[in-house]
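Participant: My questions will all concern the structure given below.
The values are calculated or read from the model by the stated rules, or taken from the named source; none is laboratory data. These numbers come from a predicted model, not from an experiment. All Cβ positions, glycine included, derive from the backbone under ideal geometry; neighbour counts span all protein chains shown. Each accessible area value is taken on the protein alone, full model and side chains, heavy atoms only, with ligands, DNA and RNA left out. Shrake-Rupley method; radii C 1.70, N 1.55, O 1.52, S 1.80 Å.
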Amino acid sequence: MKTHILVDADACPVKEEVYKTAYRLKTPVTLVANSYLRTPDHPLISMQMVSDGFDAADDWIAENADEASLVVTADILLAERCLVAAATVLAPTGKPFTSANIGGAVATRAIMADLRGGMEQTGGPPPFSQKQRSEFLNALDRELNRLIRAYGV
């Protein structure tokens, strides 16, 4: 089992940061999406296209995540599934999902879904910031180095 990165790629704003870090640390990356995405022509980068079925990308990622995986996703329910598989999970903002914080994140998600269902205007997420990009890079580097020490590349 070797360290690898799995990216929930459809709406991921930090793919370029993932590529650069993967090249530097010689870590394979698999981008998972239900439609074709342009990817760099590089032996470390691969694309896994899945059907457009509901949660097909999430299912593929959850089934292929393990303790040597670093998963990049903003999807809280996918993060929870990957944590069950013992994967390391980062949001694109750099926030780690852990067994200590995933329950609260799932609960907050449910509350927000109820508010949206009740026609309460909650607004969308704020624009992705340079600070978040920097925090993601720091977290990615820290967690990948930890996984590489444990599992190699």
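Participant: Considering only residues that are closer than 21 Å to Leu140 by Cα and either touching a Leu at 6+ places or on another chain (Cβ under 8 Å) or open to solvent by 60 Å² or more (accessible area, probe 1.4 Å) (or both), which ones fall in the range 49-66?
Facilitator: Asp58, Ile61, Ala62, Asn64, Ala65
Participant: Within the range 18-41, which residues are open to solvent by less than 20 Å² (accessible area, probe 1.4 Å) and touching a Phe, Trp or Tyr at 6+ places or on another chain (Cβ under 8 Å)?
Facilitator: Selection gives Val29, Val32.
Participant: List the strands (runs of 3 or more DSSP E) that sit entirely inside the range 1-118 and contain at least 2 residues that are within 23 Å of Arg133 (Cα to Cα), modelled with pLDDT of 95 or more and not β-branched (Val, Ile, Thr).
Facilitator: Working: elements: 4-8, 29-33, 45-49, 69-72, 88-90.
Output list reads 4-8, 29-33, 45-49, 69-72.
Participant: Looking only at the range 67-82, which residues are touching a strand residue (DSSP E or B) at 6+ places or on another chain (Cβ under 6 Å) and surrounded by fewer than 20 Cβ atoms within 10 Å (Cβ to Cβ)?
Facilitator: Those that are touching a strand residue (DSSP E or B) at 6+ places or on another chain (Cβ under 6 Å) and surrounded by fewer than 20 Cβ atoms within 10 Å (Cβ to Cβ): none in the range 67-82.
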